[in-house]
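Worksheet: the structure to be examined is printed underneath.
The values are calculated or read from the model by the stated rules, or taken from the named source; none is laboratory data. A quick note: this is a predicted structure, and the numbers were derived from the prediction, not measured. Note that each Cβ is placed from the backbone with ideal geometry, even for glycine, and that neighbours are counted across all protein chains shown.
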Amino acid sequence: MTIPIRIKATGSLGHIAYVHRSGGGSFSCTLANGTPAAFSYAGITTDEMACRFELNDCASGQEALAIVKRHGSAGYTYELFASARFGPSEPIGALAALEAEVQRLKALIPSVFEQVDNRAVDRARALLAGYVPDPAPTPNTSGALYLRLWHGRRDPAENLDDWGSEGPVIGPLAFVQTTYMCDVKFAAAPEVMDRFFPAVMADWRQQGFSNVHGPVCDWRFTIADDLIEYDGVFYGDWSVFVSSPADVAREAVSTNGPPAPNAQ
């Protein structure tokens, strides 16, 4: 089990975002109001996926902080954020004493320290720092976020006389974000990514990226001439809507097409 880590990013204008990982998941970004967001909201605008991959493989809060600072913008300040859940107590004091003893042994007998389970040490340090795992998310069975593609064509240069082909209804999704009308990012659970983006997931697994383990995976569409590319088809229209998974499944096998954008 990986340790939970939370990093607070503060922009020059005072807006705040958190780059964080719960006990067993991958890193994500959340705004101060609780809205999921891309890493660009935390000042990471050069190569977001490279930053995510490095973070998902890190083992400590200090290592994660160094990665975020390296990929982050100069106009942001970054700091480890500690929860106030744990106050002074005898068990915490005993754990602090044990950590001090571990460090003393490291200095006296390096060969013995090499045999220590680093995962246990890291979990103890995280507890002492006040980090606690986030509660497991509650499944949403009444409504979920989906993205629908349509008005498709095989060649981006093709001028259509009608509405083109219908695309897939992709989801459920954690969020959808558009940047400057030229970049469409989203996040979905690994099983959703396996269904709609199997080649991406297969590549991640082959390369050993921890992003495939979720709880959500971030990805983006390829944009070509203002069109969204998916599976070799270029779509001129897309919409995001909320619907129940059961309704989406029924519409997928009907002749009426995907749910309307305002489906509830």
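Odds and ends about this structure:
- Each residue in segment 205-247 was checked for being more than 22 Å from Thr178 (Cα to Cα) and among the charged types (D, E, K, R), and 2 of them qualify.
- Taking segment 158-197 as the range and being touching a Cys at 6+ places or on another chain (Cβ under 7 Å) and either in contact (Cβ under 8 Å) with a residue 40 or more places away in the chain or of a type in the set (A, V, I, L, M) (or both) as the test, the residues that pass are Ala187, Ala188, Met193.
- Scanning segment 1-27 for residues that are among the hydroxyl-bearing types (Ser, Thr, Tyr), closer than 19 Å to Phe186 by Cα and modelled with pLDDT of 90 or more turns up just one, Tyr18.
- Residue count for segment 197-217 satisfying the condition of being at negative phi and either surrounded by 13 or more Cβ atoms within 10 Å (Cβ to Cβ) or basic (Lys, Arg) (or both): 13.
- Annotation: of all residues in segment 180-196 being under 17 Å from the mean Cα position of the chain (by Cα) and loosely packed, with under 15 Cβ neighbours inside 10 Å, the one that is modelled with the lowest pLDDT is Asp183.
- Sub-7 Å Cβ pairs linking a first residue in segment 55-71 that is over 21 Å from Asp218 (Cα atoms) and in contact (Cβ under 8 Å) with a residue 12 or more places away in the chain to a second residue that is charged (D, E, K, R) and in a helix (DSSP H, G or I), at least 6 apart or interchain, are Ser60/Asp122, ordered by first then second residue.
- When Ala199 is tested against (1) under 16 Å from the mean Cα position of the chain (by Cα); (2) in a helix (DSSP H, G or I), just one condition goes unmet, and that condition is (1).
- Pairing residues of segment 142-157 that are on the phi > 0 side of the Ramachandran plot with residues that are surrounded by 18 or more Cβ atoms within 10 Å (Cβ to Cβ) and in a loop (DSSP other than H, G, I, E, B), at Cβ distances under 7 Å and at least 6 apart in sequence or on separate chains, gives His151/Gly164.
So that you can scan it fast, the table gives a plain yes or no per residue for (1) touching a strand residue (DSSP E or B) at 6+ places or on another chain (Cβ under 9 Å); (2) at negative phi; (3) modelled with pLDDT of 85 or more:
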| position | (1), (2), (3) |
| --- | --- |
| Phe39 | yes, yes, yes |
| Ala66 | no, yes, yes |
| Lys69 | yes, yes, yes |
| Ala96 | no, yes, no |
